[in-house]
Amino acid sequence: MGRMGDGRASCGSLLCFFFFSFLVAIVAKDTVVPAAGRANVLFIIVDDLRTSLGCYGDHVAKTPNIDQLASKSFIFENAFAQQALCGPSRVSMLTSRRPDSTRLYDVRSYWRQAAGNYSTLPQLFKEQGYTTISLGKVFHPGIASNHTDDYPYSWTKKPYHPSTQKYKNAKVCRDATGHQAANVVCPVNVSNVPEGTLPDIQTTNQAQWLLHQFAKLQIEQPFFLALGYHKPHIPLKYPKEYKQLYSLSDVGIAPDHLVPPGLPPIAYNPWMDIRARDDVAALNVSFPYGPLPKHFQKRIRQSYYAAVSYIDAEVGRLLSVLDKTGLSRNTIIAFTSDHGWSLGEHGDWAKYSNFNVATRVPLMFFIPGLTSTSNDPDTPPLFPFLDVFNSSLTHQPPGKMAACPVELLDVFPTLVDLAGLPTIPTCPRPSFAYQVCTEGRSLAHFITGDGIPNSERFAFSQYPRPSDQPQPNSDQPALADIRFLGYSMRSPKYRYTQWVPFDPKTWKCNFSAVHASELYLLNSDPGEDHNVLAAHRPYNVSKFTKETEEIVNWASITLRRMIGESGYY
């Protein structure tokens, strides 16, 4: 069942009956129908997906279906998450507020209670007359979304979660001796796992069925369908046949697989979630800097790429049905991730940092009739399913691209503008009292050709730490344990980061007491391996070059402006 075609998914469950009844009720209900011709929205978010895709220039990745979408989309080459952790990133993107405004740096609070009753992206579409549906992991589950995925605020009906997600950490991974364990590296025979399927396969099946119902019932009310895939989040559990796409020699190891000598200890995270897995625990890797054996580094990289190809096939199955139903001719597609993931760069095997590999994400928008001119039902299909195991597939070049830095904060106002809804205002500082506003900027005018991407744009990310040295809770400190925040500014030419004291009781930072700083000049150091400030205390400008002094001074001022006067003391 691992490799599935692009045919219509069967559905005989009570859940499907519930959805069918729900859709029929929409047609029969005396409701306000939006203006004719209003586009649907398909919002696809993938968990822990970095830019390891063919359309982003990764020559190892085999991702024909996502590449096909990219060939008909507008792509942002340098899009960045606001925090490289699922809960904070997703809430930030879906409310268009920075973590300082959502007051979510971990996964232990609900923004409506901790910060403000902010409207979300799907909530705004719902209030504008859309049917809003969530399948899979869209919001982070648990208290970060009030244990409801923010229902009923954001969604027309209760969100769908695949039944097999409860086996996420089950001991179903077999080693060479046949022993079952809870491993990081976990290729499986799908027919042998609990319920004979995997969460992302279930989610695609549900989405396919739902799209058929929308097309069959010819519902005039547009839909906002959000679909969240779980892989390649660890454990790297995927149908085992995808592993054969990548040899260990193909994936190799990261060119910068050692901890950089100039990296401040506070900037390092010890990847505790990896260490807790059975296969990694058996390696007895020293804490916190001990490297994984090179042969195991290759195995993780191999399985990450295999899991990405597995998700590519699921995206292909989804889009092929969107196409076959005719819905692709009136559906905007947004494709992105919540953050990246380090595959051994800087000696790291996780997210939890401000580096490009952790914060950079794919971001693309398909607009029928605009990014792709094939909008006629008699033309060849837009998104035929592409079997990654077909060796005759040819690479499809990406569509129009913009290289300027952008942020996941920008997704909310962009989709609002692309759908023709009333533009949402820019948030004032502070914005706790404002229900609907954005701390991002709409990218719609770049996509429609009404504007030129600004090369001087900046993207901002941040990450909390409990101490200045790596310790077991450095990856995901609880709010009460946070003592420092690392604010990072990414320009086209450099990344600058300041680590400053943070008071979790007042939610404020002290920028007058910079604890550590990093500066990476990307033209000469694209991997962010050489911190040019390593030998200097911050603001000891007598030892800086003129270029470094100008960057540090300008970036420091810009960071403070970004956070706002209310965010520091």
Given 458-464, 108-114, 195-201, the highest-first ranking by average Cβ count within 10 Å works out to 458-464, 195-201, 108-114
Under a point-charge model restricted to the Cβ atoms of Lys and Arg (+1) and Asp and Glu (-1), what is the dipole moment magnitude of the chain relative to its Cα centre, in debye to the nearest 20?
820
Taking the inverse of the average 1/r across all pairs of different Cα atoms in segment 406-447, what Kirkwood radius in Å do you get?
10.5
Mind listing the phi-derived Karplus ³J(HN,Hα) values for segment 429-436, rounded to whole Hz, using 6.51, -1.76 and 1.60 with θ = phi - 60°, and x for any glycine or proline?
10, x, 10, 4, 8, 9, 6, 10
For the residue pair residue 284 and residue 503, what label-to-label distance in nm results when each label sits 7 Å from Cα along the Cα-to-beta-carbon direction?
4.7
In whole angstrom, note down how far apart the Cα centers of segment 195-248 and segment 64-78 are.
18
Relative to the Cα centre, what is the charge dipole magnitude of segment 56-176, using +1 at the beta carbon of each Lys and Arg, -1 at the beta carbon of each Asp and Glu, and rounding to the nearest 20 debye?
420
Putting +1 on Lys and Arg Cβ atoms and -1 on Asp and Glu Cβ atoms, find which of 145, 424, 367 reaches farthest to the positive end of the dipole of the chain.
145
For the ranges 296-309, 420-433, what's the packing order if you count other beta-carbon atoms within 10 Å of each residue, average per peptide, and put the highest first?
296-309, 420-433
Note down the Stokes-Einstein diffusion coefficient of segment 278-352 in µm²/s, whole number, using a Kirkwood radius over alpha carbon pairs, 25 °C, and 0.890 mPa s.
159
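What is the Cα radius of gyration of segment 126-240 over 2.2 N^0.38 Å, N being its residue count?
1.26
Report the Stokes-Einstein translational diffusion coefficient (µm² s⁻¹, integer) for segment 131-198, Rh taken as the Kirkwood radius over Cα pairs, at 20 °C with viscosity 1.002 mPa s.
Approximately 153 µm²/s, per Stokes-Einstein.
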Of the options 563, 55, 276, report the single residue whose Cα projects farthest towards the positive end of the charge dipole of the chain (beta-carbon charges: Lys, Arg +1; Asp, Glu -1).
276
If you take the charge dipole of segment 319-455 about its Cα centre, with +1 on Lys and Arg Cβ and -1 on Asp and Glu Cβ, which of 356, 332, 380 is farthest toward its positive end?
356
Please give the FRET efficiency for residue 403 paired with residue 433, using the beta carbon to beta carbon distance and R0 = 30 Å, rounded to the nearest 0.05.
0.25
Given the alpha-carbon gyration tensor of segment 55-130, what are the semi-axes of its equivalent ellipsoid in whole angstrom, ordered largest first, with each equal to the square root of 5 times an eigenvalue?
30, 18, 10
In nanometres, the difference between 0.36 nm per residue of separation and the alpha-carbon distance of residue 510 and residue 554 is 14.1 nm
Expected output is a single nm value to one decimal: the length gained when fully extending between residue 524 and residue 158, i.e. 0.36 nm times separation in residues minus the C-alpha distance. What is it?
126.8 nm
From the cross-link list 126/158; 137/157; 240/298; 351/400, which pairs have alpha carbons spaced over 18 Å apart?
351/400
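R0 = 45 Å: FRET efficiency of residue 534 with residue 192, Cβ-based, nearest 0.05?
Computed FRET efficiency for residue 534 and residue 192: 0.35.
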In debye, nearest 20: dipole of segment 167-323 around its Cα centre with unit charges on the Cβ of K, R (+) and D, E (-)?
420
Rounded to the nearest whole Å², what accessible area per residue is found for the chain with the 1.4 Å probe?
37
Given points 7 Å out from each Cα along the Cα-Cβ axis, report the residue 483 to residue 59 separation in nanometres with one decimal.
4.6
Using the Cα atoms as the points, what is the convex hull volume per residue of segment 390-524 in Å³?
226
Return the distance in nm (one decimal) between the two label points of a simple spin-label model at residue 390 and residue 175, each offset 7 Å from Cα along Cα→Cβ.
4.0
Beta bridge orientation in the chain: antiparallel %, DSSP, nearest 5:
50
In segment 225-292, what percent of the accessible surface is made up of carbon and sulfur (1.4 Å probe, ligands and nucleic acids excluded)?
60
Can you tell me the FRET efficiency between residue 218 and residue 448 if r is taken as the Cβ-Cβ distance and R0 is 30 Å, rounded to the nearest 0.05?
0.60
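The values are calculated or read from the model by the stated rules, or taken from the named source; none is laboratory data. Please read all numbers here as calculations on a predicted model, not as lab measurements. Reconstructed Cβ throughout: ideal geometry from the backbone, glycine too, with neighbour counts over all protein chains shown. In case anyone asks, the SASA skips ligands and DNA or RNA and just uses the protein heavy atoms, side chains included. Shrake-Rupley method; radii C 1.70, N 1.55, O 1.52, S 1.80 Å.
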